[in-house]
Amino acid sequence: MRNPTLILCATALLAACSSPGRKAPVIHDPPPVVCEAPAGPVDVSTPDHVVGDGSAGSCTEGALREAAVQGGIIVFNCGADPVVIPVRQTVVFTTDAVVDGGGLVTLDGGSAARIFLLDANYNVTTPVLTVQRLAFRGGAAPRTGDDTADGGGAIYRDGGSLVAIDCDFIDNHAPATGQDLAGGAIYAFGGGSTTLVGCRFEGNSASDGGAVGSLNGDLIVVNSVFTGNAATGSDGNPGDGGCGGAIYQDGADERTAFCGVTIRGNTAGAIGGGVFRVSNDGTGTFTMERTAVDANTVTETGGGNAGGLYLQGLDLHVVDSTISRNEAHYNGGLWIHTCQVRMTNTTVAGNSAVGSNGGGLWLSGAPTGLLLNCTLADNHADADGQGAGAVFGGDTGLVLQNTLIVGNTGWWGPGCSDTLGDGGGNLQFTGEAPCTAQVTVVDPLLGPLGDHGGPVETLLPSATGPAVGAGTDCPASDATGRTRPIPCTSGAAEP
């Protein structure tokens, strides 16, 4: 099983072995570069192992497996054309390794096998497996498994650390139901961190975390796109899963960081159509910058919640981001439970709670903190007997400042169910179900949600409207990246 011949690559063959300029049909151009990447592609100009001798037929699963045993820098020499390498038995890594496909190589599990396993000790951060310029397709973890080790259709990280750069993960799958059975594409368990840069995740599914699952490890995602992934379980956590249509992360003091990420059109069976992140002891951190969480859905009728994101027990920072067009029975946009909150230049717009309260935000467990220069607009909670189109729950421990609450709707009230804290500069229209005791009731004349420059969609107030100059103690820039004047405009974006 581990005896294929390894071909050592001479310097003259390096261009054929791994050229970043080439693209396989399934490998898309990398997503837009919005944020500075925490890691770039590893230099593979002096590889330790080369899979193949210049022909497509020489690039085999066996040759890759033999290289993986030894680790180091692994590249491919499969000819000038894109190549698909079938993988029918998981390739195992136990030492530091870099696998570079040069934009030409697709590893295909054929819906029969997980593709890669990083096998390390649960509580250590090494070894590090780096995969770059590769496509992973058709990976399949055991479809009827009931253990965390049965997650991760394309890659399962058991300890150690994983870095994926400029990779595609397409149609990979893990068990469809069960608690903590996560990561249709990637499941990271314990140990160190998982860092994803410039990657695309499409059409992956698992009980939790349709694309990515992480349990007791850090998760950093930069300049990446998640579309059409599904968390297929039900009943939540604890329960049979269905948490986090794109991303599921559970644990304690781990770090979560998103920057320049698009999470769009994903579905979950229970909680968090886009993202589910829980810190069980309240010590975790969650940072989201210049990120769009859009058009995600929780499909469970009569019980599903948090169409966009469910966040619990976290030190929470959301900056220059938009949460839009998400839908669930309870709470359409963002559910915040027992968090310390700092949201700045953030738009929550067009979300719907189709059967209950809280179209935009649902606040439970008395979260505290500040919403600074945010826009809560056109969110809906219109079912019979329901309301709080903008915000359900909360108290004066969560302060609104320079924030617009506009165009929200609800059966018994369009604004907020409870009185939140007031830092000044807040405008609401209409004034029914006021969100703070001192809110100014006036129409800021917002335009539609759309591309007005910058990394995410925003709504712009009228340049001659009452929001202009209403804000104090403002951020230096707005959600589009433009410098704010003093005094600034209330809301996420200047006109």
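The values are calculated or read from the model by the stated rules, or taken from the named source; none is laboratory data. On a predicted model such as this, the values are computed, not experimentally measured, just so you know. Because the Cβ atoms are built from the backbone with ideal geometry, glycine has one as well, and the counts that use them run over all protein chains shown.
Candidates are the residues of the stretch 246-256 that are under 13 Å from Gly273 (Cα atoms) and part of a strand (DSSP E or B); the one that is farthest from the chain's Cα centre (by Cα) is Tyr248. From the list Val456, Val468, the lone residue that is closer than 19 Å to Gly333 by Cα, of a type outside the set (Gly, Ala, Ser) and modelled with pLDDT of 95 or more is Val456. Mind checking whether some residue in the stretch 278-285 is polar (S, T, N, Q), over 16 Å from the mean Cα position of the chain (by Cα) and not in a strand (DSSP E or B)? Yes, that holds for at least one residue.
Go through the residues of the stretch 466-480 one by one and say whether even a single one is among the polar types (S, T, N, Q), assigned to a loop (DSSP other than H, G, I, E, B) and not assigned by TED's automatic domain parsing to the domain that holds Val34. Yes, some residue in the stretch 466-480 is among the polar types (S, T, N, Q), assigned to a loop (DSSP other than H, G, I, E, B) and not assigned by TED's automatic domain parsing to the domain that holds Val34. The set of residues in the stretch 159-198 being over 26 Å from Thr267 (Cβ atoms) and part of a strand (DSSP E or B) consists of Ser161, Val163, Ile165, Ser193. Filter the stretch 224-245 down to residues that are surrounded by fewer than 24 Cβ atoms within 10 Å (Cβ to Cβ), of a type outside the set (Gly, Ala, Ser) and under 15 Å from the mean Cα position of the chain (by Cα) and give me whichever is farthest from Gly302 (Cα to Cα). Among residues in the stretch 224-245 that are surrounded by fewer than 24 Cβ atoms within 10 Å (Cβ to Cβ), of a type outside the set (Gly, Ala, Ser) and under 15 Å from the mean Cα position of the chain (by Cα), the one farthest from Gly302 (Cα to Cα) is Val225. Checking every residue in the stretch 372-381 against the condition of being in contact with a Lys or Arg (Cβ under 6 Å, 6 or more places away or on another chain) and touching a residue at least 40 places away in the same chain (Cβ under 8 Å) gives zero matches.
Per-residue answers, yes or no, for (1) outside the structural domain of Ala174 (by TED's automatic domain parsing); (2) more than 23 Å from Gly178 (Cβ to Cβ); (3) among the β-branched types (Val, Ile, Thr); (4) at pLDDT 95 or above:
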{"residue": "Asp235", "(1), (2), (3), (4)": "no, no, no, no"}
{"residue": "Tyr248", "(1), (2), (3), (4)": "no, no, no, yes"}
{"residue": "Arg255", "(1), (2), (3), (4)": "no, yes, no, yes"}
{"residue": "Asn266", "(1), (2), (3), (4)": "no, no, no, yes"}
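Tallying residues that are in contact with a Phe, Trp or Tyr (Cβ under 9 Å, 6 or more places away or on another chain) and of a type in the set (S, T, N, Q) within the stretch 87-119 yields 2. Taking the criterion of being part of a loop (DSSP other than H, G, I, E, B) and under 20 Å from Ser352 (Cβ atoms), the residues of the stretch 365-386 that qualify are Cys374, Asp378, Asn379, Asp382, Ala383, Asp384, Gly385, Gln386.
Exactly one residue out of Thr440, Thr436 is of a type in the set (Val, Ile, Thr) and either closer than 19 Å to Pro461 by Cα or not assigned by TED's automatic domain parsing to the domain that holds Ser356 (or both): that is Thr440. Within the set Gly217, Gly274, Gly184, Gly203, the sole residue that is within 13 Å of the chain's Cα centre (by Cα) and modelled with pLDDT of 95 or more turns out to be Gly274.
Among the numbered criteria (1) surrounded by 19 or more Cβ atoms within 10 Å (Cβ to Cβ); (2) out of contact with any Lys or Arg (no Cβ under 9 Å at 6 or more places or on another chain); (3) basic (Lys, Arg), which single criterion is violated by Arg65? The single condition Arg65 does not satisfy is (2). Please go through the stretch 322-343 and give me each residue that is within 19 Å of the chain's Cα centre (by Cα) and either part of a strand (DSSP E or B) or not assigned by TED's automatic domain parsing to the domain that holds Cys374 (or both), ordered by number. Once the filter is applied, which keeps residues that are within 19 Å of the chain's Cα centre (by Cα) and either part of a strand (DSSP E or B) or not assigned by TED's automatic domain parsing to the domain that holds Cys374 (or both), the stretch 322-343 yields Thr322, Ile323, Ser324, Glu327, Ala328, Leu334, Trp335, Ile336, His337, Val341, Arg342, Met343. The set of residues in the stretch 343-358 that are in contact with a Pro (Cβ under 9 Å, 6 or more places away or on another chain) and either surrounded by 24 or more Cβ atoms within 10 Å (Cβ to Cβ) or without any contact (Cβ under 8 Å) to a residue 40 or more places away in the chain (or both) contains only Asn345.
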